[in-house]
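S.K.: Can you keep this structure in mind? I'll have questions shortly.
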Ligand code: AVJ
Ligand code: FE
C-alpha cells in the first residue's frame, strides 16, 4: 500500500484533480446555445445549465460556507441550485451560460485560496467527495445532452454537435480484437469463497464503506456485457410482446411505456458487438430470463470484477491499482472516445477472473437493491445516499464511456429506479448453474 502522503502532496493532488476535472466539465458546454442550456428533454432530469450551477453551489456550500466559515457568495442562487431547493420542473429559469461561468469561476477562485490554508488532514475526504460530485453531474449532463440530440435528430434540425470524438485511433482497438477469437456468450465460473466488498480509501463515498468479507457460493457470470447483436435476438423473438420473460412489475411498466427497443438503439448491425444500453432494469431482467440466466447481485458483480483470488486481495480496478488514463487502453471512459466500443476491445482491462469491460463502456444493472453496508455512516449529508436506501433503487456498477476517472472503480455504487433508461446503462447476466452453450 502507498504510504501516507505528506500534507503538501495531498494538497497538490487535490489541486491537480480540481484543475483536471473542471476543463472537462466546461468542454461539455463549449459553443452551446441558450436553448440547449435551458432545455429539459425529460421531466425527471434538470437542464444541463442547472447541473452546471449546482456544481458551483455545492462546492461553495461545503468548502466556502461549511469548511471555511465564509458567507454565501451568491445568495440569490441558493434556492435555485440547492439539491432540495426547487422541483425539477421549475429549474428552467436559469442564468445564462456566461453568468453561470462567472458563478463557477468566482467560487473556484475562492476555493483555491481556501485550499492553500485548509487543514487538509481533516478535510481531505470532503474535497475528494466534491471532485466526484462534479464528475457525477458531468455524466448526467452527458446523458441529458444525448437525449436532446436524440430528440433533435428526430425532427432533423441538429445544428450543434457536442461530441468530441477522440483522436485515439480506433485502429488499435481493431487490432486488439483480432488477437483472439471471442465467444461473446462465454461465462466464467467464479469458485465459492470469500472476497472483500467495499472501499475504505480516502476517496470512498459513504455508501462504499466499510470493506467487508463476503462469502459467495460458486456462480457463473458473463465474460462480456450483453451486446446489441445478442439483444436483437430478444427483440426479434418478440421479447417485448411476450409477458413470460417479464417480472410482474416489468410487464406493467412495459404496458405503460409501450417501448419496443432500447432508448439508444442503433439501426445498424455494425454496432452488433457493442454493449446494449439505454435499457431499464426491467428490460435487463427480462432479457436475462429469455436466455435462461439472471442478473448478478452486486456482490457477484464486484467479486468477479475486483477480487484477485491468487493474491487474496481486492483490486481497485479490474486490472490492478492504477487509475485509467488516456494512454492506458484498459477501458472506455471519460468521454475519450465519445461513444461505446466493442465489448472485447480492451484485453488490458480484464479482471483477475478475466471479465471484459467491467469498468467503462456502459453501467451494468445488478439484481441488488441499493442499501447500506455494515456500520454505515452518512457523509456528507443524508440526502447523498441514505434517503435512497428505500428498496426502490437498484444498484448499477462499473461506469460508462462518459464516466470521469474520479468516479470509476469497482467498488463505486450508482443507483436508479428500475424504470430509468436515460442513463448509459446496460448489463451482463449471471447464473447459479452452468449454462450449456448449444
Ligand atoms: C448517484 C447519480 C444517483 O444523481 O442523484 C449528485 C449523484 N448525488 N449529487 C444523483 C448525485 C448528489 C446521484 N446518483
Ligand atoms: Fe448534486
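Values in this text are rule-based calculations from the coordinates and carry no lab data. From a predicted model like this one, the values you see are computed outputs, not experimental measurements. A quick note on method: Cβ atoms are made from the backbone with ideal geometry, for glycine too, and the neighbour counts reach across all protein chains shown.
S.K.: If you average the C-alpha positions of region 287-313 and of region 88-102 separately, how far apart do those two centres end up, in angstrom?
M.R.: Cα centroid to Cα centroid, the span is 42 Å.
S.K.: Please determine, in degrees from 0 to 90 and to the nearest 10, the orientation of helix 97-117 with respect to the longest principal axis defined by the Cα atoms of the chain, where the helix direction is its Cα long axis.
M.R.: 80
S.K.: Could I have the simple spin-label model distance between residue 419 and residue 32, label points 7 Å from Cα toward Cβ, reported in nm to one decimal?
M.R.: If labels sit at residue 419 and residue 32, their model points lie 2.7 nm apart.
S.K.: A follow-up question, please. Please give the helix 281-290 orientation as an angle from the longest Cα principal axis of the chain, in degrees from 0 to 90, rounded to the nearest 10.
M.R.: 10
S.K.: Just subtract the alpha-carbon distance of residue 114 and residue 267 from 0.36 nm times their residue separation and send over the number in nm, one decimal.
M.R.: Numbers: separation 153, 0.36 × 153 = 55.08 nm, distance 5.10 nm.
So the chain would gain 50.0 nm between residue 114 and residue 267.
S.K.: Starting from 0.36 nm per residue, how many nanometres of slack lie between residue 6 and residue 327 once their C-alpha separation is accounted for?
M.R.: Working: separation 321, 0.36 × 321 = 115.56 nm, distance 2.78 nm.
The span from residue 6 to residue 327 would gain 112.8 nm if fully extended.
S.K.: Using only Cα atoms and rounding to the nearest 10 degrees, what angle (0 to 90) does helix 120-155 make with the longest principal axis of the chain?
M.R.: Between helix and principal axis, roughly 60 degrees.
S.K.: Within a 10 angstrom radius of the beta carbon, how do 226, 362, 92 rank from fewest other beta carbons to most?
M.R.: On the way: 226 27, 362 32, 92 14.
Lowest to highest Cβ neighbour count: 92, 226, 362.
S.K.: Measure of size requested: the Rg and Dmax of the chain, with Cα atoms as the atom set and Å as the unit; please supply both.
M.R.: 21.6, 67
S.K.: Obtain the nm distance between the two label points defined at residue 255 and residue 101 by a simple spin-label model: each point lies 7 Å from its Cα along the Cα-to-C-beta direction.
M.R.: A separation of 5.1 nm, rounded to one decimal place.
S.K.: Restricting to DSSP H runs of at least four residues, report the calculated mean residue ellipticity at 222 nm for the chain, -39500 (n - 2.57) per run over all residues, nearest 500 deg cm²/dmol. Display every interim value, and only then the final one.
M.R.: Numbers: 11 runs with 147 residues, N = 438.
The per-residue figure over the chain is -10500 deg cm²/dmol.
S.K.: Continuing with the same structure: Using alpha-carbon pairs under 8 Å, 6+ residues apart, how would you state the relative contact order of the chain in percent?
M.R.: Details: 759 pairs, mean separation 75.9, N = 438.
Reported relative contact order: 17 percent.
S.K.: If you find the alpha carbon centre of region 12-66 and of region 361-375, how far apart are they in angstrom?
M.R.: Using only Cα atoms, the two centres lie 25 Å from each other.
S.K.: Take the Cα gyration tensor of region 170-431, multiply each eigenvalue by 5, square-root it, and list the three semi-axes largest first, rounded to whole angstrom.
M.R.: Numbers: eigenvalues 136, 109, 61 Å².
Its equivalent ellipsoid spans semi-axes of 26, 23, 18 Å.
S.K.: Let me know the Rg and Dmax you get for region 7-157 when you use only its Cα atoms, in Å.
M.R.: Every Cα atom of region 7-157 included, Rg and Dmax give 16.1, 55 Å.
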